[in-house]
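Worksheet for the structure shown next.
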Amino acid sequence: METPSENAYEFVRELERLAFVDHIIPVLTNRKANKRAILDQLKGTFLSPKVGVDDMVIFYFSGHGMTMGDHIGICPYNYFNPAE
C-alpha cells in the first residue's frame, strides 16, 4: 500500500509521462504539507498572473479529510498540532 507522499509523486510522474506539464510541479508532503504552506501555494497558483482564463489548474490531494455538518475539509500535516 502506498503512502500519500508516494501517491503524490506518482501522480506527478504520470502527468510528466503524458507530457501534460511544461514546468516544475510543486509537491507538498509530510511536514511541508502544513496549513500555511498549502494556503500559500494555492494563493500563489490561483492568483498568479501566469494563470490565464483558458488554463487548467489541478489540485491533487492524497491524505486525510473530515466532515463537520455540511462542510468537508482536508487535514493538513499539522491539523492536530496547529502550532507546528
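Values computed for the structure shown
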{"read-out": "Relative contact order computed over the chain (Cα-Cα under 8 Å; 6+ residues apart), in percent", "value": "33 percent"}
{"read-out": "Whole-number accessible area per residue in Å² for the chain, which is evaluated in the context of all protein chains at 1.4 Å", "value": "85 Å²"}
{"read-out": "Normalised per residue, the volume of the convex hull around the Cα set of the chain (Å³)", "value": "137 Å³"}
{"read-out": "Tilt relative to the chain, helix 35-46 - C-alpha long axis, 0 to 90 degrees, to 10", "value": "30 degrees"}
{"read-out": "The chain - charge dipole about Cα centre, Lys and Arg +1 at Cβ, Asp and Glu -1, debye rounded to 20", "value": "340 debye"}
{"read-out": "Candidates Leu42, Leu18, Leu28, ranked by Gaussian network fluctuation over the chain, Cα under 10 Å, top entry", "value": "Leu18"}
{"read-out": "Cα gyration tensor, region 1-41 - rounded (a/c under 1.5), prolate or oblate", "value": "oblate"}
{"read-out": "Portion, in percent, of the accessible area of the chain that falls on carbon or sulfur, probe 1.4 Å", "value": "59 percent"}
{"read-out": "C-alpha long axis of helix 4-17 to longest principal axis of the chain, angle in °", "value": "10 degrees"}
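The values are calculated or read from the model by the stated rules, or taken from the named source; none is laboratory data. This structure is a prediction, so every number in the text was calculated from the model and none was measured. Glycine gets a Cβ as well: all are built from the backbone with ideal geometry, and neighbour counts include every protein chain shown. We work out accessible area using only protein heavy atoms, side chains counted, and drop any ligands, DNA or RNA first. Shrake-Rupley method; radii C 1.70, N 1.55, O 1.52, S 1.80 Å.
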